[in-house]
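Note sheet for the following structure.
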Amino acid sequence: MSAFPVVLSAPSGVGKTTIARELMARRGDVGYSVSCTTRQPRANEVTDVDYHFLSDEEFVAREGRGEFAESALVHGKRYGTLRSEVQRVLDAGRHVLMDIDVQGARQFIASFPASVLVFVLPPSLDDLVERLRSRNTETDAQLAERLRNSHAELQDVHRYHYIVVNDELGVAVDRVSAIIDAESSKRDRVYALDTQVSQLVQRLEEQIKRYKSPHATS
Ligand code: 5GP
């Protein structure tokens, strides 16, 4: 089975990071791509686990060296996915889970066309605003910017392969997990099985010929 990238996008505060964390805890065949960002770490965040926190200069330098599979300005800060990070997880035979915004997803699928894009929706607008407020990590101006960005992100939903509503965490994780399983079984991805099927077809054709010959008239 070949591993593939799974991109999770959602308006800020919908809980995709929690979904990603939960999915990682449940499945050994999924690894996480730690992104780079120039924003400040939040109180509960661990460097190189949640993000690689970079200065603006370092980010731009790495971008210049082509180290990012995608990069974007989100809420005024730089974010990017390292090619090396994605490759490390794929080379270990694990699906690589990414929590990136819609601009990043658009760029990323161009570099990794085998990616599965999943958009996570809030159960309602009230729920979205409430989740952002209760996080208590943003000023009013930042909150307003995140809401404006959410509006813009929702315009991009049609680019995604799947939509998952995060009405209940466990159920949302079940859904993303089911998507990974279904995608793993897609014929296009199962190259080994394809070979097996074509060998089977070939052997069947030989059998058909063999059984046909005693009845052949000429
Ligand atoms: P936060 O700062 O709240 O962790 O993330 C803000 C937004 O940046 C979220 O929508 C998140 O998905 C997005 N983001 C996180 N990492 C990346 C990345 O590597 N690339 C892009 N394009 N967006 C990212």
Candidates Gln142, Gln155, filtered to the one that is of a type outside the set (Phe, Trp, Tyr), surrounded by fewer than 12 Cβ atoms within 10 Å (Cβ to Cβ) and within 15 Å of the ligand (Cβ to nearest atom): Gln155
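Within the bounds of segment 56-67, is there any residue that is part of a strand (DSSP E or B) and aromatic (Phe, Trp, Tyr)? Walk me through it before giving the result.
Residues of segment 56-67 that are part of a strand (DSSP E or B), as a first pass: none.
The answer is no, given that none of the residues of segment 56-67 is part of a strand (DSSP E or B) and aromatic (Phe, Trp, Tyr).
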Residues of segment 10-33 classified as within 18 Å of Ala72 (Cβ to Cβ) and either surrounded by fewer than 19 Cβ atoms within 10 Å (Cβ to Cβ) or basic (Lys, Arg) (or both), total: 2
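Residues checked against (1) of a type in the set (A, V, I, L, M); (2) farther than 26 Å from Val60 by Cβ; (3) free of Cβ contacts under 8 Å to residues at least 60 places away in the same chain:
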residue	(1), (2), (3)
Arg78	no, no, yes
Ile100	yes, no, no
Ala110	yes, no, yes
Ser115	no, no, no
Pro123	no, yes, yes
Asp127	no, yes, yes
Glu130	no, yes, yes
Within the group Thr37, Thr17, which residue is within 12 Å of the ligand (Cβ to nearest atom), at pLDDT 95 or above and of a type in the set (S, T, N, Q)? Thr37
Exactly one of Val86, Val7 is surrounded by 18 or more Cβ atoms within 10 Å (Cβ to Cβ), in a strand (DSSP E or B) and of a type in the set (Val, Ile, Thr), and that residue is Val7
Log entry, pairs with first residue in segment 45-71 being of a type in the set (A, V, I, L, M), second being within 13 Å of the ligand (Cβ to nearest atom) and not in a helix (DSSP H, G or I), beta carbons closer than 6 Å, six or more apart or on different chains, reads Leu54/Cys36; Leu54/Thr38; Ala69/Thr81
How many residues are within 23 Å of Ile109 (Cα to Cα), in a helix (DSSP H, G or I) and not hydrophobic (A, V, I, L, M, F, W, C) when one looks only at segment 119-177? 8
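Test of understanding: among Arg78, Arg42, which residue is closer than 25 Å to Glu153 by Cβ and modelled with pLDDT under 95? Break it down into steps so the answer makes sense when it comes.
On the way: Arg78 fails: modelled with pLDDT under 95.
Sole residue among the options that is closer than 25 Å to Glu153 by Cβ and modelled with pLDDT under 95: Arg42.
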The condition of being out of contact with any helix residue (DSSP H, G or I) (no Cβ under 8 Å at 6 or more places or on another chain), of a type in the set (A, V, I, L, M) and under 21 Å from Ser115 (Cβ atoms) holds, among Val74, Val86, Val49, Val96, only for Val86
Check Arg42 against each of (1) within 9 Å of the ligand (Cβ to nearest atom); (2) on the phi > 0 side of the Ramachandran plot and name the one condition it does not meet. (2)
Quick check on my filter: what residues within segment 100-150 are in contact with a Lys or Arg (Cβ under 9 Å, 6 or more places away or on another chain), among the polar types (S, T, N, Q) and modelled with pLDDT under 85? Thr137
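The values are calculated or read from the model by the stated rules, or taken from the named source; none is laboratory data. Note that this is a predicted model, so its numbers are computed, not measured. Cβ atoms come from the backbone with ideal geometry, glycine included; neighbour counts cover every protein chain shown.
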